[in-house]
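Novice: First the structure, then my questions, so here it is.
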Amino acid sequence: NAGVTQTPKFRVLKTGQSMTLLCAQDMNHEYMYWYRQDPGMGLRLIHYSVGEGTTAKGEVPDGYNVSRLKKQNFLLGLESAAPSQTSVYFCASSYQPTGNTEAFFGQGTRLTVV
Amino acid sequence: RKEVEQDPGPFNVPEGATVAFNCTYSNSASQSFFWYRQDCRKEPKLLMSVYSSGNEDGRFTAQLNRASQYISLLIRDSKLSDSATYLCVVTGNGASKIIFGSGTRLSIRP
């Protein structure tokens, strides 16, 4: 049981380059989330999705786009990477966001923009 | 104001000590509350849910105070393996979002 899988695990980008982070879950969860984690800042929500074909903005959406074309996948895109986007990115999924249901996380993507 | 606030620590306590963390939330409509644990350079993992009546899991006790809008985590007889960052999580706040606090770092010394 793979749970939540993120690819890639590490990446170095040059300023202005683009890339897509892939999150895949095999638990048939409706809800998926992208967070970034910076030192001393905790996890900040970038975008989230409440189901296939839906996306919504979180706390820090600027500079990112997302797509949820298939229920099991949630993609995070950086169109023109900036050094401020250097961070650790975590994807999470949950059956539902409310109630006592657990959110499961991928292992993270460490992105450096130079 | 952040939706969920935690004391960042670090808390540095000796093995065997009792330590407590608090977390405050701003949205009174929040419905569910959790504590997650995150080890260095790893993903967060669920430690325990927080119920209105309070709940205990071994050495860990979680409490919810809706009137004052805070939750707490108490760790008794702390072990070296308890060293981690503890994240407060709030959901059901009128939107389909899971909101994390910035985390409290705990370091247990021998």
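Novice: Based on this model, can you work out whether residue B:4 counts as of a type in the set (Val, Ile, Thr) and either free of Cβ contacts under 8 Å to residues at least 12 places away in the same chain or touching a Gly at 6+ places or on another chain (Cβ under 6 Å) (or both)?
Specialist: Working: of a type in the set (Val, Ile, Thr): yes; either free of Cβ contacts under 8 Å to residues at least 12 places away in the same chain or touching a Gly at 6+ places or on another chain (Cβ under 6 Å) (or both): yes.
Here the answer is yes, as residue B:4 does meet what is asked.
Novice: For the stretch A:59-76, indicate whether the set of residues that are more than 12 Å from chain B (Cβ to nearest Cβ) and without any contact (Cβ under 8 Å) to a residue 12 or more places away in the chain is non-empty.
Specialist: Checked against the condition, which is being more than 12 Å from chain B (Cβ to nearest Cβ) and without any contact (Cβ under 8 Å) to a residue 12 or more places away in the chain, the stretch A:59-76 yields at least one hit.
Novice: Restricting attention to the stretch B:70-109, and to residues there that are part of a loop (DSSP other than H, G, I, E, B) and either modelled with pLDDT of 95 or more or among the hydroxyl-bearing types (Ser, Thr, Tyr) (or both), which single residue is nearest to residue B:42 (Cα to Cα)? Steps first, answer last, please.
Specialist: Of the residues in the stretch B:70-109, the ones part of a loop (DSSP other than H, G, I, E, B) are B:76-79, B:83, B:92-97, B:101-103.
Of the ones still in play, those that are also either modelled with pLDDT of 95 or more or among the hydroxyl-bearing types (Ser, Thr, Tyr) (or both) are B:76-79, B:83, B:96, B:102.
Numbers: B:76: 24, B:77: 24, B:78: 21, B:79: 19, B:83: 13, B:96: 25, B:102: 15 Å.
In this case the residue turns out to be B:83.
Novice: What is the number of the single condition among (1) without any contact (Cβ under 8 Å) to a residue 12 or more places away in the chain; (2) surrounded by 18 or more Cβ atoms within 10 Å (Cβ to Cβ) that residue B:56 does not meet?
Specialist: That leaves (2) as the condition not met.
Novice: Pick from A:43, A:69, A:78, A:22: which is out of contact with any Pro (no Cβ under 6 Å at 6 or more places or on another chain), more than 30 Å from residue B:9 (Cβ to Cβ) and either among the β-branched types (Val, Ile, Thr) or crowded, with 19+ Cβ neighbours inside 10 Å (or both)? Lay out the reasoning, then the answer.
Specialist: Details: A:43 fails: more than 30 Å from residue B:9 (Cβ to Cβ); A:69 fails: either among the β-branched types (Val, Ile, Thr) or crowded, with 19+ Cβ neighbours inside 10 Å (or both); A:22 fails: either among the β-branched types (Val, Ile, Thr) or crowded, with 19+ Cβ neighbours inside 10 Å (or both).
Answer to the check: A:78.
Novice: Something else about it: Tell me, yes or no, whether the stretch B:90-108 has at least one residue that is closer than 16 Å to residue B:38 by Cβ, of a type in the set (Ser, Thr, Tyr), in contact (Cβ under 8 Å) with a residue 40 or more places away in the chain and away from every other protein chain (no Cβ under 14 Å).
Specialist: yes
Novice: Considering only residues that are assigned to a loop (DSSP other than H, G, I, E, B), crowded, with 16+ Cβ neighbours inside 10 Å and in contact with a Ser or Thr (Cβ under 9 Å, 6 or more places away or on another chain), which ones fall in the stretch A:50-66?
Specialist: A:50, A:55, listed by residue number.
Novice: For the stretch A:83-97, enumerate the residues that are aromatic (Phe, Trp, Tyr) and more than 10 Å from the chain's Cα centre (by Cα). Lay out the reasoning, then the answer.
Specialist: First, pick out the residues of the stretch A:83-97 that are aromatic (Phe, Trp, Tyr): A:89-90, A:95.
Residue satisfying the conditions is A:95 alone.
Novice: Is it the case that the stretch B:64-72 has a residue that's more than 10 Å from the chain's Cα centre (by Cα), at the interface with chain A (Cβ under 10 Å from one of its Cβ atoms) and under 24 Å from residue A:95 (Cβ atoms)?
Specialist: Looking for residues that are more than 10 Å from the chain's Cα centre (by Cα), at the interface with chain A (Cβ under 10 Å from one of its Cβ atoms) and under 24 Å from residue A:95 (Cβ atoms), one finds none in the stretch B:64-72, hence no.
Novice: Here's another thing I want to ask about it. Looking at the stretch A:89-100, can you tell me whether even one residue there is part of a loop (DSSP other than H, G, I, E, B), on the phi < 0 side of the Ramachandran plot, within 14 Å of chain B (Cβ to nearest Cβ) and without any contact (Cβ under 8 Å) to a residue 24 or more places away in the chain?
Specialist: Kept after step one, since they are part of a loop (DSSP other than H, G, I, E, B), are these residues of the stretch A:89-100: A:95-100.
Keeping just the survivors that are on the phi < 0 side of the Ramachandran plot gives A:95-98, A:100.
Of the ones still in play, those that are also within 14 Å of chain B (Cβ to nearest Cβ) are A:95-98, A:100.
Then drop every residue that is not without any contact (Cβ under 8 Å) to a residue 24 or more places away in the chain, which leaves A:98, A:100.
Yes; the residues of the stretch A:89-100 include at least one that is part of a loop (DSSP other than H, G, I, E, B), on the phi < 0 side of the Ramachandran plot, within 14 Å of chain B (Cβ to nearest Cβ) and without any contact (Cβ under 8 Å) to a residue 24 or more places away in the chain.
The values are calculated or read from the model by the stated rules, or taken from the named source; none is laboratory data. These figures come from a predicted structure and were not determined experimentally. Don't worry about glycine lacking a Cβ; one is built from the backbone with ideal geometry, like all the others, and counts go over all protein chains shown.
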